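*Asks:* Take a look at this one; I'll ask things after.
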Amino acid sequence: MLNIILGAIALGSLWAVMTMGVYITYRLLDIADLSVEGSLVTGAAVGAVCITGGMNPWLATIMALLAGMVCGLATGLLHTKLRIPPLLAGILTMIALYSINLRIMGRANITLLHVDSVFTPLQNLPFMAGLEAQGIMTKNVAILICGLLICFVVSAFLYWFFGTEIGCSIRATGNNQQMVRALGINTDTMILLGLMLSNGLVAMSGALIAQNQSYADVQMGTGSIVIGLASVIIGEVLFGSTKSFKRTLLAMTLGAITYRIIIALVLKAGMPANDLKLFTAITVAICLALPQIKSWGRKLKGGHN
Amino acid sequence: MLKIDNIYKTFNIGTINEKHALNGLSLHLQPGDFVTVIGGNGAGKSTMLNAISGVWPIDSGSIVINGNDVTALPEYKRAIHLGRVFQDPMLGSAANMQIQENLALALRRGKKRTLRWGITAQEREQYHDLLKTLDLGLEDRLTSKVGLLSGGQRQALTLLMATLTKPDLLLLDEHTAALDPKTAAKVLEISDRIIAENKLTALMVTHNMHDAITHGNRLIMLKDGRIILDIAGEEKKHLTVEDLLAKFAIAAGEEMANDRMLLG
């Protein structure tokens, strides 16, 4: 059981990077960006191809991040220059990326079983032998350490970035484009930057997930937007704060981890794995509907909305 | 300070809804002019302000602000010259951001955004002192989200934001129309004070004839996308609403239609 929870937390810390990317578009830019379903796989594909080609896994992960930023740029240009609504722009990129991802990989999946990942060096840390003696899977511990470290670095970066003049402008663009233009900021540029940053993080997360599961698969992105949204919402509801951005970033990491723990527990309780996506979709639907459900509750009690 | 020459704008060209919103409108403002703009619905008041701000390109004519021809510039590039307050109090500020963050965005109007920190400690003091002059108690709520403020408070904040970096031209687009009378009077008073203190050049669109007469040093009336009445100086000082109505009837060359502006 400990190993299951530990594995869930470790996996959650990798998905947390993706969750922060989804947070940027969904909450800060106020765009539901579906291109992440494609860019997650692009990240995994680029990472896998680079690693099997002999590249350092950290460098390969950075390459995935850059590839993701290009994906975000594509969605952004479709939206800002060609005036395609953001939802459709995201879907177009997502579909296009399916073919592109196959091209990058050359086939439907790439195994990473016999190569080093970013987690490999950590498995040889001195205390790992002791943990192994107690029956703990050291691979999960290594992933957890690495994942939390990456979450911390990404959170710190985002905290800094969204406090800068450019970062503030991006946040304002998600609030009120009319005002932002009146204050002399090019809203198109801000949307592009936001989408690039978001998809970069998502792709980086994809590369890490691929290294964790030891393969990259062209289908692995399916439903990832819903997982990302679920993590964002769970994080906000359970750990969020409207006051502090630091706290919000922490909530994203904790939200992604909580989601993975919930999934691990329901699987352990006997739910068929095939039903997972249905379960996730229902969970997200309920979370998104919470304000409406609450207002029904007030009506039933005879109060006003 | 502002030179608008012979500008035209037609919306929905070639459709049944074709609308000649601006019809060869020309207007020259001297530095320090505070001009009130009146006219019925669809006369082109807001359209004129939007043309100056560059919300969309005009069909022909030219717009020069403080010696800079801005006719071909996009909206965000003209912002360096313009302070703007909109009719809808929600449009002037970012609801999910703090009061001080909104002010910090406004302080950097027209400047290049960099990776420097978005707000400095020194600015915070400046904002505190400035908000105090509004006398709305906002100076103690620098870190409150703007979404928590009332319409009047947001409009006063937007005024402050529009003038934080002195604009060549301040555009007030019926900025008190959405407020209750008492709040509207307060926001107008703040507008007057800020314009006088900073010696701003301003254009104020209003539906209220009385406000149009009692504020500013010049009054223009628009009809069908051009200026039909232009009153300044001594003549404006002694103007009454009745005078204005009579002048309008003569200028328009027809009896007053059942127009909402009369109810203002």
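*Asks:* In this structure, does A:Ala256 turn out to be in contact with a Gly (Cβ under 9 Å, 6 or more places away or on another chain), farther than 24 Å from A:Ile95 by Cα and touching a residue at least 12 places away in the same chain (Cβ under 8 Å)?
*Replies:* Spelling it out, A:Ala256 is indeed in contact with a Gly (Cβ under 9 Å, 6 or more places away or on another chain), farther than 24 Å from A:Ile95 by Cα and touching a residue at least 12 places away in the same chain (Cβ under 8 Å).
*Asks:* Tell me, which residue of segment B:124-137 that is of a type in the set (Asp, Glu) and part of a helix (DSSP H, G or I) is nearest to B:Arg193 (Cα to Cα)?
*Replies:* Per the stated criteria, the residue is B:Asp129.
*Asks:* Ok, one more. Take segment B:112-123 and flag every residue that is in a loop (DSSP other than H, G, I, E, B) and within 7 Å of chain A (Cβ to nearest Cβ).
*Replies:* Correct list: B:Arg113, B:Thr114, B:Leu115, B:Arg116, B:Gly118.
*Asks:* Looking at (1) among the hydroxyl-bearing types (Ser, Thr, Tyr); (2) farther than 17 Å from B:Ile13 by Cβ; (3) away from chain A (no Cβ under 14 Å), which is the only condition B:Thr47 fails?
*Replies:* (2)
*Asks:* Moving on. Return only the number of the condition from (1) under 16 Å from the mean Cα position of the chain (by Cα); (2) free of Cβ contacts under 8 Å to residues at least 60 places away in the same chain that A:Leu201 does not satisfy.
*Replies:* Of (1) under 16 Å from the mean Cα position of the chain (by Cα); (2) free of Cβ contacts under 8 Å to residues at least 60 places away in the same chain, only one is false for A:Leu201: (2).
*Asks:* Answer yes if at least one residue in segment A:140-150 is of a type outside the set (A, V, I, L, M), within 13 Å of chain B (Cβ to nearest Cβ) and either over 22 Å from A:Gly21 (Cα atoms) or buried (at least 21 other Cβ atoms within 10 Å of the Cβ) (or both), and no otherwise.
*Replies:* No, that holds for no residue.
*Asks:* Another question, if that's okay. Restricting the first residue to segment A:97-117 and requiring it to be of a type in the set (Phe, Trp, Tyr), which pairs with a second residue that is not in a helix (DSSP H, G or I) meet a Cβ separation below 9 Å and a spacing of at least six or different chains?
*Replies:* Close Cβ pairs satisfying both conditions: A:Tyr98/A:Val218; A:Tyr98/A:Gly221.
*Asks:* For segment A:153-182, give me the residue count where each residue is part of a helix (DSSP H, G or I), within 7 Å of another protein chain (Cβ to nearest Cβ) and over 23 Å from the mean Cα position of the chain (by Cα).
*Replies:* Counting residues in segment A:153-182 that are part of a helix (DSSP H, G or I), within 7 Å of another protein chain (Cβ to nearest Cβ) and over 23 Å from the mean Cα position of the chain (by Cα) gives 5.
*Asks:* Something else about it: Within segment B:20-41, can you find the residues that are polar (S, T, N, Q) and crowded, with 19+ Cβ neighbours inside 10 Å?
*Replies:* Hit for segment B:20-41 is B:Thr36, nothing else.
*Asks:* Just a yes or no: is a residue in segment B:134-148 touching a Ser or Thr at 6+ places or on another chain (Cβ under 8 Å), within 7 Å of chain A (Cβ to nearest Cβ) and buried (at least 19 other Cβ atoms within 10 Å of the Cβ)?
*Replies:* There is no residue in segment B:134-148 that is touching a Ser or Thr at 6+ places or on another chain (Cβ under 8 Å), within 7 Å of chain A (Cβ to nearest Cβ) and buried (at least 19 other Cβ atoms within 10 Å of the Cβ).
*Asks:* For B:Ala184, are the conditions met, namely being assigned to a helix (DSSP H, G or I) and touching a strand residue (DSSP E or B) at 6+ places or on another chain (Cβ under 6 Å)?
*Replies:* No; evaluated as a whole, the condition is false for this residue.
*Asks:* Taking the residues in segment B:54-74 that are in contact with a Lys or Arg (Cβ under 6 Å, 6 or more places away or on another chain) and in contact (Cβ under 8 Å) with a residue 40 or more places away in the chain as candidates, determine which candidate is nearest to the other protein chains (Cβ to nearest Cβ).
*Replies:* So, considering only residues that are in contact with a Lys or Arg (Cβ under 6 Å, 6 or more places away or on another chain) and in contact (Cβ under 8 Å) with a residue 40 or more places away in the chain, the one nearest to the other protein chains (Cβ to nearest Cβ) is B:Ile58.
*Asks:* Which ranges mark the helices (runs of 4 or more DSSP H) fully within segment B:1-110 that have 3 or more residues being within 16 Å of B:Leu171 (Cβ to Cβ)?
*Replies:* The qualifying helices (runs of 4 or more DSSP H) are B:45-53, B:75-78.
*Asks:* Restricted to segment B:75-111, and to residues that are of a type in the set (Val, Ile, Thr) and crowded, with 24+ Cβ neighbours inside 10 Å, which residue is farthest from the other protein chains (Cβ to nearest Cβ)?
*Replies:* The extreme case among them is B:Ile99.
*Asks:* Another question, then. Look at segment A:270-292 and say how many of its residues are touching a Leu at 6+ places or on another chain (Cβ under 8 Å) and β-branched (Val, Ile, Thr).
*Replies:* 1
*Asks:* Another one. Report the residue count in segment A:229-246 for those that are in a helix (DSSP H, G or I) and either within 14 Å of chain B (Cβ to nearest Cβ) or surrounded by fewer than 14 Cβ atoms within 10 Å (Cβ to Cβ) (or both).
*Replies:* 5
*Asks:* Is there a residue in segment A:171-178 that is of a type outside the set (Lys, Arg), closer than 30 Å to A:Cys50 by Cβ and either buried (at least 23 other Cβ atoms within 10 Å of the Cβ) or touching a residue at least 12 places away in the same chain (Cβ under 8 Å) (or both)?
*Replies:* No, segment A:171-178 contains no residue that is of a type outside the set (Lys, Arg), closer than 30 Å to A:Cys50 by Cβ and either buried (at least 23 other Cβ atoms within 10 Å of the Cβ) or touching a residue at least 12 places away in the same chain (Cβ under 8 Å) (or both).
*Asks:* List the number of the failed condition for A:Phe119; all other conditions in (1) in contact with a Lys or Arg (Cβ under 9 Å, 6 or more places away or on another chain); (2) at pLDDT 95 or above; (3) away from chain B (no Cβ under 14 Å) hold.
*Replies:* Going through the list (1) in contact with a Lys or Arg (Cβ under 9 Å, 6 or more places away or on another chain); (2) at pLDDT 95 or above; (3) away from chain B (no Cβ under 14 Å), A:Phe119 breaks only (2).
*Asks:* Please go through segment B:119-171 and pick out each residue that is in contact (Cβ under 8 Å) with a residue 40 or more places away in the chain and in contact with a His (Cβ under 7 Å, 6 or more places away or on another chain).
*Replies:* Listed by number, the residues that qualify are B:Leu142, B:Gln155, B:Pro167, B:Asp168, B:Leu169.
*Asks:* If you don't mind, there's one more thing I want to ask. Restricting attention to segment A:193-216, does a residue exist that is within 12 Å of chain B (Cβ to nearest Cβ), aliphatic (A, V, I, L, M) and either farther than 27 Å from A:Ile91 by Cβ or out of contact with any Leu (no Cβ under 6 Å at 6 or more places or on another chain) (or both)?
*Replies:* Yes, some residue in segment A:193-216 is within 12 Å of chain B (Cβ to nearest Cβ), aliphatic (A, V, I, L, M) and either farther than 27 Å from A:Ile91 by Cβ or out of contact with any Leu (no Cβ under 6 Å at 6 or more places or on another chain) (or both).
*Asks:* Conditions: (1) buried (at least 22 other Cβ atoms within 10 Å of the Cβ); (2) touching a helix residue (DSSP H, G or I) at 6+ places or on another chain (Cβ under 8 Å). B:Ala51 meets all but one. Number of the miss?
*Replies:* (2)
*Asks:* Let me ask something else. Applying the selection to segment B:187-210, what residues are part of a loop (DSSP other than H, G, I, E, B), over 22 Å from B:Ile65 (Cβ atoms) and out of contact with any Asp or Glu (no Cβ under 8 Å at 6 or more places or on another chain)?
*Replies:* B:Asn208
The values are calculated or read from the model by the stated rules, or taken from the named source; none is laboratory data. Fair warning: this is a prediction, and the values are worked out from it, not measured in the lab. A quick note on method: Cβ atoms are made from the backbone with ideal geometry, for glycine too, and the neighbour counts reach across all protein chains shown.
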